[in-house]
Amino acid sequence: MPRIYWNIYWNILGRRILGIGIDFETPKPVSLIDRIIQISTKPDDVILDSFAGSGTTAHAVLKQNAADGGNRKFILVEMEPGICGDITAERVRRVAGGYVNAKGEKVEGLGGGFQYCRLSKEPLFDATGAVREDVRFAQLAEFVWFVETGTGFGTRANSPLLGVHEGVAVYLLFNGILKDKAADGGNVLTAPVLALLPPHDGPKVIYAAASRLGAPRLQRERIVFKQTPYALDV
């Protein structure tokens, strides 16, 4: 179909889902991307779209998951802030959760969800994979919380205890959060450092530069130790 017709198609679709008309230069129909996903992916694959635009890829992934019970995931990248927040994310949110179209008709959601992330102005890690020297505790805490829980970090922590997620306490020892009261500024998990941490009567995940606690002590304290920066990946 000629490009002008696809532009008209997306303009109509944009009004139906978002209530606004949008003119993208190279819009893609959901049916096309859905067919590509159907014939080229498995139910647990991850689909990457580096030029997300209006979010058609995510729409198609959710549609295919709903059709065959799959658990495909998507990663969308969109560099234009106005498009990313107001169009891409909003479209995926409505398609997943349901919406009322321009005609006042209720459209059921396809299910699923997503995490909206923004790139930091500067990377947290240097070229060797180490945490940059100028990274603050709050910056790394936000990233650790996301890696561990897959959810947004709502507050700026001033404590090694970042929070409790589904019964598991998440701790971060970094950048002198314990005011240099222990070895290496409190960045190493030792028995004295453990005694300083806010208590939690349950399982714990502790991110630190190193641990001097033996396996029996970690097991007894219900601690999973994760070494920074090596455990920090998504």
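The values are calculated or read from the model by the stated rules, or taken from the named source; none is laboratory data. Values in this document were obtained by computation on a predicted structure and should not be read as measured data. Cβ sites come from the backbone with ideal geometry, for glycine too, and all protein chains shown count toward neighbours.
Results, tabulated for the structure shown:
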read-out	value
Filter result (in a strand (DSSP E or B) and either without any contact (Cβ under 8 Å) to a residue 24 or more places away in the chain or surrounded by 19 or more Cβ atoms within 10 Å (Cβ to Cβ) (or both)) within the range 56-86	PHE74, LEU76
Where a residue in the range 88-107 is within 13 Å of GLY55 (Cβ to Cβ) and its partner, wherever it lies, is of a type in the set (S, T, N, Q) and not in a strand (DSSP E or B), with Cβ under 8 Å and at least six apart	THR88/SER54; ARG91/SER54
Matching residues in the range 147-169 - criterion: being at pLDDT below 90 and either under 19 Å from PHE225 (Cβ atoms) or small (Gly, Ala, Ser) (or both)	VAL147, GLU148, THR149, GLY150, GLY152, GLY154, ALA157, SER159
Lone qualifier among ARG136, ARG132 - being under 16 Å from LEU232 (Cβ atoms) and touching a Pro at 6+ places or on another chain (Cβ under 8 Å)	ARG132
ILE12 vs. criteria over 24 Å from GLY150 (Cα atoms), at pLDDT 85 or above and not in a loop (DSSP other than H, G, I, E, B)	no
Residue in the range 59-77 that is closer than 17 Å to VAL107 by Cα, touching a Gly at 6+ places or on another chain (Cβ under 9 Å) and modelled with pLDDT under 90 present	no
Residue count, the range 125-150 (criterion: touching a residue at least 24 places away in the same chain (Cβ under 8 Å) and surrounded by 17 or more Cβ atoms within 10 Å (Cβ to Cβ))	9
Residue in the range 96-111 that is small (Gly, Ala, Ser), exposed (fewer than 12 other Cβ atoms within 10 Å of the Cβ), modelled with pLDDT of 85 or more and within 20 Å of LYS42 (Cα to Cα) present	no
